[in-house]
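Here is the structure we will look at.
The values are calculated or read from the model by the stated rules, or taken from the named source; none is laboratory data. Keep in mind that what you see is a predicted model, and the values were worked out from it rather than measured.
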Amino acid sequence: MLFDLLAAVFLALGIAGLWSGGTRLLTGRLIGAAARGVWGIGAVAAGAVSLSVSLNLWTYRSLTWEEPVASVSVHQIGAGVYQIGLREPDRDARELRVAGDEWQLDARVIKWEPVLALLGQTPLYRLERLSGRYRDIDDERERERTVHELADQRGLDLWAIAKSDWLPWVDAYYGSAVFVPLADGAEYQVSLANSGLVVRPANDLASRTVSAWR
């Protein structure tokens, strides 16, 4: 990734600057040593920030055109309570309990300015949470709420920085969510396109459930 390269370049330059400053210090050239030391510390700091951003970006996945991001299977385990089987590419399957009439999946998407896109920096996405929801607003207020965090949190939070307009190379960042009915035995396929998340029935039961729900 671009930020991996930036981190490596800044850290290498910073180490070289500190080494050069130390050499000058040993030979008594104090002004030169101070200048190289300040420059080296600044480059190391820039490298550390780039590395931290890179670590955060690794919690996202690249988005090409329309990307399959998850398959969802639903099994009822009680009155209004369901077990969701969530499978994502390159991750272990998860079993998550939700309560409600519908399940909802949320994601974050980050797009880059055209210059970075030309350099090969593709849009990124990250699944954020899976939750249950109720059709009736009073049930939503009063009954059990179930929400599961799906994303790892590490490195400098690029999303928070982008919201502060400190990253001019970020073209757009937005949240996207889909929700469909919970039904015992239903299976769904979730994809992510440039317009956001898209959910499609993956078996006949899910198709019938969605048709009746609409």
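Brief remarks follow.
- Elements of type strands (runs of 3 or more DSSP E) contained in segment 61-141, each with 1 or more residues being among the β-branched types (Val, Ile, Thr) and modelled with pLDDT under 85: 102-112
- Within the span defined as segment 151-169, every residue fails to be assigned by TED's automatic domain parsing to the domain that holds Glu67, outside any loop (DSSP other than H, G, I, E, B) and at pLDDT 80 or above.
- Counting only residues that are modelled with pLDDT of 95 or more and assigned to a loop (DSSP other than H, G, I, E, B), segment 183-201 holds 4 of them.
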